[in-house]
Amino acid sequence: MNPIVYQVFYYLSAAIAILFVFVPHEFAHAYSAYRNGDLTAKYYGRLTLNPVKHFDLMGFLLCVLAGFGWAKPVPINPNNFRKYKKGLFETAVAGVCTNYVIAFIVYPIFLVVARYIPESSTALIYVKGFLELVLYRIYIISLSIIAFNLLPFFPLDGFRIIESCTSPFNKFRLFLEKYGRYILLGLIIECFICNILVQATGVTALQYLNVLGFYLQWFAQNILGAPIWGFWDWIFTLF
């Protein structure tokens, strides 16, 4: 495939994939909060699959360029939950669980396209290549977003999970609530600096200093992804 065409396909596929990753993620938060008695997200028009309602420009650009990012956070009021901790926990995990289901469904479709669509013409080569990119990006971005959101830093879902399981006076929770956003911002900045240095110097060893990037890639692909590709690769060996 022509390198320029590949680059266009790469970023276009990422933009398309984000719609299939972020929109269901945020809708799942809104729906879970709604089921647990909080109507805040519904009042703000977030109980919808309309991507415009969930769009955040900076998070979108980060995801396209770096493989992780965010959508506009869904507003919730945990005080409205019928059972506070249960509602908080279910709402926190709803997004990442939805993304995992999406990754589990999309991966075998990617395998079907990669293995069974013929490359009998130039047009089919480009169509197949683009479909592969879109499907794989949905799969890998889903896993990356899960890994990113499970970080225990405020205001990510990982912190909300901790919040649902601890008391308001827990020192670890209070530390993460106070300093989590700054730690997260520092990790994101460090990730970008490492990527720039690798591209500018060509010293690939510098990528091992990219704490956030290494975590997202390793945890997403080797831990979160292992049950998915392990299961489906095994299924496909039976045919």
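The values are calculated or read from the model by the stated rules, or taken from the named source; none is laboratory data. If you're wondering where the values come from, they're calculated on a predicted model, not measured in any experiment. Note that each Cβ is placed from the backbone with ideal geometry, even for glycine, and that neighbours are counted across all protein chains shown. All accessible areas refer to the heavy atoms of the entire protein, side chains included, with ligands and DNA or RNA removed. Shrake-Rupley method; radii C 1.70, N 1.55, O 1.52, S 1.80 Å.
Within region 98-108, not a single residue is farther than 28 Å from W229 by Cβ, at pLDDT 90 or above and not β-branched (V, I, T). Any residue in region 40-58 that is touching a residue at least 60 places away in the same chain (Cβ under 8 Å), open to solvent by 20 Å² or more (accessible area, probe 1.4 Å) and either in contact with a Lys or Arg (Cβ under 6 Å, 6 or more places away or on another chain) or not acidic (D, E) (or both)? No, every residue in region 40-58 fails to be touching a residue at least 60 places away in the same chain (Cβ under 8 Å), open to solvent by 20 Å² or more (accessible area, probe 1.4 Å) and either in contact with a Lys or Arg (Cβ under 6 Å, 6 or more places away or on another chain) or not acidic (D, E) (or both).
Restricting region 1-22 to residues that are among the aromatic types (F, W, Y) and modelled with pLDDT under 90 leaves a set whose member that is surrounded by the most Cβ atoms within 10 Å (Cβ to Cβ) is F9. Could you tell me whether region 90-105 includes any residue that is over 20 Å from the mean Cα position of the chain (by Cα) and in a helix (DSSP H, G or I)? No, that holds for no residue. When region 64-80 is limited to residues that are in a helix (DSSP H, G or I) and not aliphatic (A, V, I, L, M), the one that is least open to solvent (accessible area, probe 1.4 Å) turns out to be P78. Of the residues making up region 81-99, those that are open to solvent by less than 70 Å² (accessible area, probe 1.4 Å) and either farther than 14 Å from S144 by Cα or among the acidic types (D, E) (or both) are F81, G87, L88, E90, T91, A92, V93, A94. If only residues of region 28-39 that are part of a helix (DSSP H, G or I) and aliphatic (A, V, I, L, M) are counted, the one that is surrounded by the fewest Cβ atoms within 10 Å (Cβ to Cβ) is A28.
Pairs meeting the criteria (first residue in region 153-177 and closer than 16 Å to T91 by Cα, second residue open to solvent by 60 Å² or more (accessible area, probe 1.4 Å) and modelled with pLDDT of 90 or more, beta carbons under 6 Å, at least 6 apart or on different chains) are F154/E177; F154/R181; G158/L150; S164/K85; S164/F89. In region 168-239, counting only helices (runs of 4 or more DSSP H) that sit wholly within it, the ones holding 2 or more residues that are surrounded by 10 or more Cβ atoms within 10 Å (Cβ to Cβ), over 21 Å from the mean Cα position of the chain (by Cα) and basic (K, R) span 171-201. For region 100-156, the tally of residues that are open to solvent by 70 Å² or more (accessible area, probe 1.4 Å) and among the small types (G, A, S) stands at 1. Exactly one of these conditions fails for V211: (1) over 25 Å from N99 (Cα atoms); (2) of a type outside the set (S, T, Y); (3) at pLDDT 85 or above. Give me its number. If we test V211 against (1) over 25 Å from N99 (Cα atoms); (2) of a type outside the set (S, T, Y); (3) at pLDDT 85 or above, just (1) comes out false. Here H25 fulfils each of the conditions (1) open to solvent by 20 Å² or more (accessible area, probe 1.4 Å); (2) under 15 Å from the mean Cα position of the chain (by Cα) apart from (1).
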